[in-house]
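Here is the structure we will look at, set down as structure tokens.
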Amino acid sequence: MLGNLGTNLKDALKKLAGKTVIDRVAVEELVKDLQRALLQSDVNVKQVMQLSQTIKKRSLDEEPPKGVTAREHVLKIVYEELVHLVGGKVDVQLGRQTILMAGLQGSGKTTTTAKIARYFKKKGLRVGVICADTFRPGAYTQIKTLCDRVQVNCFGNPKETDARKIVAEGLQHLKDEVIIVDTQGRHALEDELIQEIIDLNEMTHATHRWLVLDAALGQQAREQARRFHEAVQIDGVIITKMDGTAKGGGALSAVAETGAGIVFVGAGETIEDLEWFDPDSFISRLLG
Ligand code: GDP
């Protein structure tokens, strides 16, 4: 539990060592250090403040159980509240399903689509990808190349400009157990883009709608999540580019906004670089 706390936090916790009664000053200091670390990792200010209040209140109100030191008790509370902040693990079913990929251009949606296709394929399922990205030139070639590499079916038509038509044809054409629809991204949340994803969600009767967010997104993550969630009820978040320097704290506001957990984490440009979301290592990274 919290094996890899940041150095500041460790120092603050030391002050609680050996104490049997919770020391208010020590808790305040700990919370201040925690705030600093989380804000540096791009976690939303409101979320940080809420977390701080809860930790302070619980630490001072709750009696440590018999045989548990003040330090252990506070540490447990901090850990529980951080797990609450990042959300729990999300289970991915290995059955028939349709997954709609949402996100803005450049978020890593197409790469992630291929990574997920590879994941299901490796689990022994038949997978088909529909390229409904009619906006970005080269999108079809990009996804087709990746699909060929992992040997999954890919349907698309680079000459067609209507994503709805492509998806309708794709659904007729592909008979695979897992269908993943890579939608178009664009640069901003235009109404047209939102309407299109609403239509695609209805047409495909999507089982899941996963939002792809760049770890470096920061506070814009909330607005993106809000718009997509309003449109299609996002039920999973994927944070990409976690191999970079960004800690992904901004994406936590998307978790809060949608109530959806983080499903996968993208950690590199190649199709093998997909990881399960691990709350513990994510928290360690936020604090590090
Ligand atoms: P889309 O416009 O959302 O479909 O984005 P792409 O899938 O084309 O990705 C945009 C850029 O981000 C490409 O250069 C990808 O190689 C890169 N990318 C995607 N996921 C990751 C990741 O997890 N780590 C790194 N380092 N780069 C990524």
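Couple of notes before you dig in:
- The single condition among (1) at pLDDT below 95; (2) closer than 24 Å to residue 282 by Cβ; (3) away from the ligand (no atom under 15 Å from the Cβ) that residue 233 does not satisfy is (1).
- From the list 172, 195, 224, the one residue that fits, being part of a helix (DSSP H, G or I) and crowded, with 16+ Cβ neighbours inside 10 Å, is 224.
- Looking only at residues in the range 115-154 that are of a type in the set (Phe, Trp, Tyr) and in a helix (DSSP H, G or I), the one that is farthest from the chain's Cα centre (by Cα) is 140.
- Hits in the range 251-271 - residues which are within 11 Å of the ligand (Cβ to nearest atom) and in contact (Cβ under 8 Å) with a residue 60 or more places away in the chain: 264, 266, 269, 271
- Residue 209 in a strand (DSSP E or B), more than 14 Å from the ligand (Cβ to nearest atom) and not aliphatic (A, V, I, L, M): yes
- In the range 177-192, the qualifying residues are those that are over 24 Å from residue 138 (Cβ atoms) and either in contact with a His (Cβ under 7 Å, 6 or more places away or on another chain) or touching a residue at least 24 places away in the same chain (Cβ under 8 Å) (or both), and the one that is surrounded by the fewest Cβ atoms within 10 Å (Cβ to Cβ) is 177.
- Residues of the range 212-230 that are of a type in the set (A, V, I, L, M, F, W, C), more than 9 Å from the ligand (Cβ to nearest atom) and either under 13 Å from the mean Cα position of the chain (by Cα) or within 11 Å of residue 107 (Cα to Cα) (or both): 213, 216, 217, 221, 225.
- Matching residues in the range 112-140 - criterion: being over 24 Å from residue 226 (Cβ atoms) and of a type in the set (S, T, N, Q): 134
- Only one entry of 133, 162 meets the criterion of being free of Cβ contacts under 8 Å to residues at least 60 places away in the same chain, under 21 Å from residue 194 (Cα atoms) and buried (at least 23 other Cβ atoms within 10 Å of the Cβ), and that entry is 133.
- Sole residue being within 16 Å of the ligand (Cβ to nearest atom), of a type in the set (Val, Ile, Thr) and either in contact (Cβ under 8 Å) with a residue 12 or more places away in the chain or surrounded by fewer than 22 Cβ atoms within 10 Å (Cβ to Cβ) (or both), chosen from 98, 69, 113: 113
- All of (1) surrounded by fewer than 19 Cβ atoms within 10 Å (Cβ to Cβ); (2) farther than 23 Å from residue 226 by Cβ hold for residue 34 with one exception: (1).
- From the list 244, 248, the one residue that fits, being in a loop (DSSP other than H, G, I, E, B) and either away from the ligand (no atom under 15 Å from the Cβ) or surrounded by 24 or more Cβ atoms within 10 Å (Cβ to Cβ) (or both), is 248.
The values are calculated or read from the model by the stated rules, or taken from the named source; none is laboratory data. Note that this is a predicted model, so its numbers are computed, not measured. Cβ atoms come from the backbone with ideal geometry, glycine included; neighbour counts cover every protein chain shown.
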